[in-house]
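In what follows, a single structure is set out as structure tokens and then discussed.
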Amino acid sequence: MDFIISDPTPEAKLKLRFKLHPTVWMGKLTKILEVRLKNQNPKIEKFNGVLLAIVVIAAFTIPTYFILELVHIYLGIIAYIIIGAIILKFTLCIKLETDWSIAAAKAIEKEDLEEAKKYAHFSRRDMKNLTGSQIASAVIESMAENLTDFRLSPIFYYIFFGVPGAVAFRAINTLDGMIGFKDPEHIHIGWFSATLDTIANYIPARLATLLIVMASAVLREDYKEAWKIAFRDHAKTPSRNHGWLMAAMAGALRVRLEKPGHYVVGDNIGEPSPKHILRALKIRNVVMILFALIFLVPILLLLSLIL
């Protein structure tokens, strides 16, 4: 479904699709509440940050639960499966990142860095003076981070809590992406959202790291180096979770991934290139397949037998 529908962007011709996307609604609600809950007293603002997160998560998770229950009761199991699948799809993003990554790789190959920067802006860094290899690094780093944020973590929580669990995670991750920063503007209002995201991604990030190593072995990349660099460099990034993924990907590809002025992971064996972006995509795809085969299907079968 994701590969058929994909996700809209703000620049898309059909902007209504973008405006109607549930994640966009989550972001808008977060911004509305943030303005109203800001306070000059740090303690009050921290409390308000907890309230903000609870309201946003509940505003999307609770209606999802009751809508699916009503669909199941009044429209039957087939309608329940179809509508549940559509809602679940909105918590994932695969094709859009695939398209952007390939487009960035092609632009770097042609040395059209201005074009390449258009597809790497989601990496949250100043693109102004980046070289081609640094743009490639940004794309690969984002791909590694998004393994949990937009793929494995929503499915992880779907396994145990159904579609509402995936929606709750999407709300938590959106909150972190909107206000979970340590700058003066968000340090108090966003602390709880950032902490929730760290907790929610803790197990999926470490599972994803193990799967990157396994996928590297399947694809005959350097799985030994992936394991080594993951343990050596995971703490070099600000994120307690994403550092594991980026370090493992750097080791598997035998490149150095760098956010200038912030962190460096991996050994300086080679500079990231368009070819490394495409190899990272293959690792990402195999990771998702392995996750489904090793965790998703077996656990769902086990839960169905128990329940």
Do any residues in region 267-285 that are more than 17 Å from A226 (Cβ to Cβ) have Cβ atoms under 6 Å from those of residues that are surrounded by fewer than 22 Cβ atoms within 10 Å (Cβ to Cβ), where the two are at least six apart or on different chains, and which pairs are they?
E271/S133; P274/E109
Give the number of residues within region 37-74 that are within 25 Å of K89 (Cβ to Cβ) and among the aliphatic types (A, V, I, L, M).
12
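With respect to A247, determine if the residue is in contact (Cβ under 8 Å) with a residue 12 or more places away in the chain, touching a strand residue (DSSP E or B) at 6+ places or on another chain (Cβ under 6 Å) and in a helix (DSSP H, G or I). Let's see the steps before the verdict.
Details: in contact (Cβ under 8 Å) with a residue 12 or more places away in the chain: yes; touching a strand residue (DSSP E or B) at 6+ places or on another chain (Cβ under 6 Å): yes; in a helix (DSSP H, G or I): yes.
Answer is yes for this residue.
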From (1) of a type outside the set (K, R); (2) under 30 Å from L68 (Cβ atoms); (3) touching a residue at least 12 places away in the same chain (Cβ under 8 Å); (4) surrounded by fewer than 19 Cβ atoms within 10 Å (Cβ to Cβ), pick out the condition that doesn't hold for I199.
(3)
Counting just the residues of region 119-148 that are among the aliphatic types (A, V, I, L, M) and in contact (Cβ under 8 Å) with a residue 60 or more places away in the chain, which one comes out surrounded by the fewest Cβ atoms within 10 Å (Cβ to Cβ)?
L130
Candidates L96, L52, L68 - the one that is under 30 Å from A280 (Cα atoms), of a type outside the set (S, T, N, Q) and either under 26 Å from the mean Cα position of the chain (by Cα) or modelled with pLDDT of 95 or more (or both):
L96
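Give region 1-48 a look and list any residue that's of a type in the set (D, E) and either on the phi > 0 side of the Ramachandran plot or at pLDDT 95 or above (or both), or say none. I'd like the intermediate steps shown before the answer.
Applying the first criterion (of a type in the set (D, E)) to region 1-48 yields 2, 7, 11, 34, 45.
Hits for region 1-48 are E34, E45.
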From the list A104, A58, exactly one residue is within 28 Å of W191 (Cβ to Cβ) and surrounded by 12 or more Cβ atoms within 10 Å (Cβ to Cβ). Which is it?
A58
Find the residue count for region 255-281, including only residues that are within 19 Å of L210 (Cβ to Cβ) and assigned to a loop (DSSP other than H, G, I, E, B).
1
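The values are calculated or read from the model by the stated rules, or taken from the named source; none is laboratory data. All values derive from a computational prediction rather than experimental measurement. Don't worry about glycine lacking a Cβ; one is built from the backbone with ideal geometry, like all the others, and counts go over all protein chains shown.
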